[in-house]
Amino acid sequence: MRKLLLGLSLFTVITTLSACMLGVNDDELSVTVYSERHYDTDQALYDAFYEETNIKVNIVSAGADELINRLDSEGEDTQADLLMIADAGRLYRAKDLELLQTVESDELNANIPQNYRDVDGMWYGLTKRARILVYHPERVEVDELSTYEALTEEAFNNRVVTRTSGNIYNQSLMASFVAIMGEEGARDFASGLVNNFARTPQGNDRDQAKAVMEGIADVAIMNTYYMGRMLNSTDPYEREVAETLRVFFPNQETTGTHVNISAAGVTRHAKNKDAAVQLLEFLSSEQAQESFANANYEYPVNEAVALNPLLESWGDFKAQDIQLNALGEYAYQAAIIMDEEGWE
Amino acid sequence: MCDYMFNKIKHHINVFSVTSILAAFFIVLPLFNILLELFTAPSSAWLHIREHLLAGYVINTIILIVAVGVFSGIIGTFSAYVVTRFEFKGRKVLSWFLILPLAMPSYIAAYVYADMTSYTGTFSRFMRSLHIPLSIDIMSMPGVIFIFVLTLYPYVYLMVKGALSKQSASFIENARLLGASKVRILVTVVLPLLRPAMIAGMLLVVLETLNDYGVVAYFNIRVFSFAIFDAWFRLGDIVSAIRLSAILMIIVFAVVFIERMIRGKRRYTIHIKTKPIERVYLKGYKKIVLPAILWVIMAFAFFVPVAQLLWYATKTYPLLFDLNFIYLVINSLSVALTATFLIVFIALMLANFNRGRQSSFKKSLLKITNLGYAIPGAVIAVAVLVFFIDADTTFYSIYHWFNEDSPRLLMTSSLLMLIFAYVLRFMAIGYNSIEASYDKIGEKFTEAAYLLKTSKLKTLLSIDLPLIKSGLISAAIIVFIDVIKELPLTLILRPTNYETLASQVYKFAREEMLQEAAIPSLVMISLSSLAIYIFTHRKKKGVVKHVR
Amino acid sequence: MYVRIEDLVFSYTPKTPVISHISLAVEEGEIIAILGSSGSGKSTLLRLLSGLEMPNQGNIIVNEETLCSNQVFIDAEKRHVGMVFQDYALFPHMSIEKNVGFGLKKMQKQARDKRIHEMLELVNMTDRKRSYPHELSGGQQQRIALARALAPSPNILLLDEPFSNLDADLKMKIRHELKAIIKMANMTSIFVTHDYDDAIDIADRIIYLEEGKIVHEERVDSKRKTIQH
């Protein structure tokens, strides 16, 4: 009994110590990225970056909110050089918390259209995604669909699903409506939409597609890349869902489809600023963009890069013409409106 | 009189009291730190919450805990009763199988069932293949109740089973001699005697339910733990989050208070030798039906989700041999073992401190150290993080003196913070089990040893520990399993890039990569199941049994 | 006086004193019975003597050593006081031999074994050296508890309701045996009981305790009759 205890204690101490030391960095030039993304294909890019520049890339991955909170509490002592997360609203928040710093780079300006860069150069978009309508062709004629607002009409009663208001993508969607339609308009949209919900919001974006497939609803509001993921899923049934359903880009005749981004910014207290900027430039370059965006079936932000066949098949579309900062500016208001109109 | 006070204080200073006071101090400090935030003026976010959301949160939370409490009470008591009172084929195996759902973290069960009942999931496809138009919407209040009841009923089961096996047959035999029918005996003798155990088990279930975040977030169920994260992340208002935590804590204390009231005063233990209940062989239809019900419970609570996970694992098993995965397991194990040792040690000190004459000081101190279990993981995370950053900043000059290159946030970036949080949160579990064991043996052996010129520490080692060994091991096992399964604290407080099984599962599940989540999930479930197996198959030394 | 208790007071709250200004003196080798009903404070008195509780005020002096006073409080571990508990408290996970030798840690093995044997002889249980407590009867357990308490040669022996767990017909026999053993060891003893027959059969002096105060004292003569003190 004693021996067992002793052995166990020894094991614990050794493994704890070794676990502590596992994160130790060497003295090589490196960039530490606090990243929400973690796709296997990214590693190839970082390796290529290392080949070119001899700069090692350390990825710390966690949820976006977690990363922001962590960065915030670490303050000056942070090891992070780059913050890479999705959703312009969140980036606005990171900026607001003074977690990022201004970067000036001709290359970045050249690679990335102005709409998808922060006004003050604190973050740079790397990929785009649109929040579109997904519908079942046997129950919905494509002529029936036009705008987001149209979904609030009588005709769509009990036929619409989307995720909860707590999800950042819906929050940003609403924020964009506040920016474009004003608070009144956004409020009308929210209450009308809630009225037409086929069920109380639940599940993730893929679940919305599945609900449409199942017949619970006819139209879902979701992100483009989930369709890409489902089409390439290892689960044949998911593929079936994605192959059956169709996508529609709303508001083409009016204000444009809602587009959001994933982006990266150099942290305020970065210890390796130059290296971080270099990595950013690399990721925005033609060389890296295709692989980077394709990893998640997203649109590359660099317009010189060819789209992958799937996105190509969906064709060009008109995006909302707003400064993406608005998604952050009106985020709180959007959240309040959704709560007040009963969007759960 | 001055001398007397000095004497009295000197008398009370020993290794137990010092450790206990230090432990309580460190536990209270971070909580106190953030409670100060409560005295700031309410923000507009809070007013918004109060007007539109708060009522919903309270109602939903109460519905959830009442339903989960009641149903887990029923299932736990029913299964414990059948397994202890009756004899039937497969009873022995079932008696420890029924504990296994504890090895399944609620959030894993949630993800698996959500997947199975989704359009492309196993269950839906199965129904479609049978042309039965039945689909289950699990992401609802009934669904979440289902998940919690199935993964948490073992707490009640364990408590009731423990109480039943010690319940003297003489009570039942007496009642029979007095002409009472079996049902009447059950209702008027057995169940009332079981009430404390039932209530204690239900309390644990309720506390676990209130703490969960993974399940309610995924199913979009608007309860308090959900509210706290929502206020913190969606509305960006940490002060509102703290306010909500305070309300949640009030609910929890109310629940705990009610439990104490019902349980009554329990310092008194019976040391007479009790005659264990003799099992009755089941006959007729009962022979089939009763065990069948138990097996069905087992299936839904454990076998079905595990089978689904195994199926996914066959597609992603190469992950097992990945070096990263090995690190993952080592990380989880080392942290869990360290936390377990610490908790058991401090719990021992606390339990010893609690013996002897009761005083309000002792009672308050113990309440403080056991506070952690009632506080939602999210709040503990914030409190501990802020506390450690403050501490590091204060002590930086000392670090610097020792080592010029010392990082500023020395403790914060280490495992120390996470382990501290685990100790804060799980102290109560370790303590309760150890205290119960001490309660069973009473004080006489320890006092006899003192009078035989043995120091307090030596007595602890040579007399107390052997006598409470099984309680100690149970405490260690339950704490270990809980640490391995723990999610919110782990996510927020781990050192950068330090992945554990729980954090990895969460990551995959969130990304809807359920197939990849299968392997780490199964490892967690296996480790916990192994611990449960050890827990239930320990050889009981004949001698120790007679302490009761 | 071998044992001096002076003005002992003990209470949980100021209003309800459990022991209220008790003073008592015991000669070496004397056997004292403290007689009282439950709630009289008799068990508390023993606990105070043993050092398991600390009095609010008062002195306890044994064999010229101050165990407790306003300046001094010696812990139970250091008091050289032996005690036999009401339910014997024999360590269930240790053999009889280990139990009896438990208080003899400081001795060398040889000396310790010798002493254990001596004690077992004294209580007539040498043949059960290797048994475990749960294998013994109530009366046997009591004898071992006695042996264990006496082994470290304490200054005084305290016994808490030593006969309450025994059957009536055994009691008589065991009372006599107990008295013989104690007298043989010349052990100053104080035992606590609610049974008058116990007291009169064994004690040299009976102290009556009621509500924490001594209300009466009697000497017992050789014919087992009491003489007013």
Exercise. Do any helices (runs of 4 or more DSSP H) lying entirely in the range B:308-409 carry at least 3 residues that are among the β-branched types (Val, Ile, Thr), and which ones are they?
Worked result: B:323-354, B:377-402
Seminar exercise, completed: Restricting the range C:71-104 to residues that are charged (D, E, K, R) and outside any loop (DSSP other than H, G, I, E, B), the one farthest from C:Ser50 (Cα to Cα) turns out to be C:Glu97
Exercise. Does A:Glu253 count as within 23 Å of A:Met222 (Cα to Cα), surrounded by fewer than 21 Cβ atoms within 10 Å (Cβ to Cβ), within 14 Å of chain B (Cβ to nearest Cβ) and acidic (Asp, Glu)?
Worked result: no
For this session: Of the numbered conditions (1) closer than 23 Å to B:Trp295 by Cβ; (2) more than 14 Å from chain A (Cβ to nearest Cβ), B:Ile63 fails exactly one; give the number of that condition.
Result: (1)
Problem set entry | Flag if B:Ile228 is surrounded by fewer than 22 Cβ atoms within 10 Å (Cβ to Cβ) and either under 22 Å from the mean Cα position of the chain (by Cα) or part of a helix (DSSP H, G or I) (or both) | no
For this session: Pull up the range C:29-69, narrow it to residues that are charged (D, E, K, R) and under 14 Å from the mean Cα position of the chain (by Cα), then point me to the one that is farthest from the other protein chains (Cβ to nearest Cβ).
Result: C:Glu30
Problem set entry | Lone qualifier among A:Leu100, A:Leu108 - being surrounded by 21 or more Cβ atoms within 10 Å (Cβ to Cβ) and away from chain B (no Cβ under 11 Å) | A:Leu100
Exercise. Scanning for something within 23 Å of the chain's Cα centre (by Cα), away from chain B (no Cβ under 12 Å) and not aliphatic (A, V, I, L, M), does the range A:231-240 turn up at least one residue?
Worked result: yes
For this session: Could you tell me whether the range B:91-106 includes any residue that is crowded, with 18+ Cβ neighbours inside 10 Å, over 24 Å from the mean Cα position of the chain (by Cα) and in contact (Cβ under 8 Å) with a residue 60 or more places away in the chain?
Result: no
Problem set entry | Options B:Glu516, B:Glu512, B:Glu499: the member that is closer than 26 Å to A:Ile168 by Cα, assigned to a loop (DSSP other than H, G, I, E, B) and either at pLDDT 90 or above or more than 8 Å from every other protein chain (Cβ to nearest Cβ) (or both) | B:Glu499
For this session: Go over the candidates B:Ile468, B:Ile481 one by one and state the one that is part of a helix (DSSP H, G or I), modelled with pLDDT of 85 or more, within 14 Å of chain C (Cβ to nearest Cβ) and closer than 20 Å to B:Val344 by Cβ.
Result: B:Ile468
Seminar exercise, completed: The residue that is farthest from the chain's Cα centre (by Cα), considering only those in the range A:251-286 that are closer than 30 Å to A:Leu151 by Cβ and of a type in the set (Val, Ile, Thr), is A:Thr254
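Hand me the list of helices (runs of 4 or more DSSP H) wholly inside the range C:124-229 holding 3 or more residues that are at pLDDT 90 or above and under 28 Å from B:Phe445 (Cβ atoms). Working first, answer last.
Details: elements: C:138-150, C:168-184, C:196-202.
Counting at least 3 such residues, we get C:138-150.
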For this session: Exactly one condition in (1) in contact with a helix residue (DSSP H, G or I) (Cβ under 7 Å, 6 or more places away or on another chain); (2) in contact (Cβ under 8 Å) with a residue 40 or more places away in the chain; (3) within 28 Å of B:Ile138 (Cβ to Cβ) is not met by A:Arg229; state its number.
Result: (1)
For this session: With the condition kept exactly as written, say whether any residue in the range A:134-143 is aliphatic (A, V, I, L, M), surrounded by fewer than 17 Cβ atoms within 10 Å (Cβ to Cβ) and within 21 Å of A:Gln252 (Cβ to Cβ).
Result: yes
Seminar exercise, completed: The condition from (1) surrounded by fewer than 21 Cβ atoms within 10 Å (Cβ to Cβ); (2) at pLDDT below 90; (3) in contact with a strand residue (DSSP E or B) (Cβ under 6 Å, 6 or more places away or on another chain) that C:Gly36 misses is numbered (1)
Problem set entry | Residue satisfying condition, being touching a strand residue (DSSP E or B) at 6+ places or on another chain (Cβ under 9 Å), away from every other protein chain (no Cβ under 14 Å) and farther than 30 Å from A:Leu279 by Cα, within set A:Tyr135, A:Tyr116 | A:Tyr135
Exercise. Looking only at residues in the range B:299-310 that are surrounded by fewer than 18 Cβ atoms within 10 Å (Cβ to Cβ) and touching a residue at least 12 places away in the same chain (Cβ under 8 Å), which one is nearest to the other protein chains (Cβ to nearest Cβ)?
Worked result: B:Leu310
For this session: Quickly run through the range C:172-204 and pick out the residues that are surrounded by 13 or more Cβ atoms within 10 Å (Cβ to Cβ), in contact with a Gly (Cβ under 9 Å, 6 or more places away or on another chain) and basic (Lys, Arg).
Result: C:Lys183
Problem set entry | Set A:Asp47, A:Asp40, A:Asp72: member being surrounded by fewer than 20 Cβ atoms within 10 Å (Cβ to Cβ), closer than 22 Å to B:Glu516 by Cα and not aliphatic (A, V, I, L, M) | A:Asp40
Exercise. How many residues are touching a residue at least 60 places away in the same chain (Cβ under 8 Å), more than 17 Å from B:Ser332 (Cβ to Cβ) and part of a helix (DSSP H, G or I) if we restrict to the range B:412-428?
Worked result: 3
Exercise. Across the range B:194-223, which residue is surrounded by the most Cβ atoms within 10 Å (Cβ to Cβ) among those that are within 14 Å of the chain's Cα centre (by Cα) and among the polar types (S, T, N, Q)?
Worked result: B:Thr209
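Conditions tested, residue by residue: (1) on the phi > 0 side of the Ramachandran plot; (2) small (Gly, Ala, Ser); (3) part of a loop (DSSP other than H, G, I, E, B).
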residue: A:Asp274; (1), (2), (3): no, no, no
residue: A:Leu279; (1), (2), (3): no, no, no
residue: A:Ala288; (1), (2), (3): no, yes, no
residue: A:Tyr297; (1), (2), (3): yes, no, yes
residue: A:Ser313; (1), (2), (3): no, yes, no
residue: A:Ile322; (1), (2), (3): no, no, yes
residue: A:Gln333; (1), (2), (3): no, no, no
residue: A:Trp343; (1), (2), (3): no, no, yes
Exercise. Which one is farthest from the other protein chains (Cβ to nearest Cβ) among residues in the range B:228-249 that are of a type in the set (D, E, K, R) and within 17 Å of A:Glu329 (Cα to Cα)?
Worked result: B:Asp237
Seminar exercise, completed: Residue hits (the range C:91-105; facing another protein chain (nearest Cβ under 8 Å), within 14 Å of C:Leu150 (Cα to Cα) and at pLDDT 90 or above) are C:Phe102
Problem set entry | Filter result (more than 11 Å from chain C (Cβ to nearest Cβ) and over 25 Å from the mean Cα position of the chain (by Cα)) within the range B:428-465 | B:Leu460, B:Leu461
Exercise. Among A:Glu298, A:Glu290, A:Glu281, which is acidic (Asp, Glu), surrounded by 18 or more Cβ atoms within 10 Å (Cβ to Cβ), out of contact with any Asp or Glu (no Cβ under 7 Å at 6 or more places or on another chain) and assigned by TED's automatic domain parsing to the domain that holds A:Ala88?
Worked result: A:Glu298
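The values are calculated or read from the model by the stated rules, or taken from the named source; none is laboratory data. Please read all numbers here as calculations on a predicted model, not as lab measurements. Quick reminder, even Gly has a Cβ in these numbers, built from the backbone with ideal geometry, and neighbours come from all protein chains shown.
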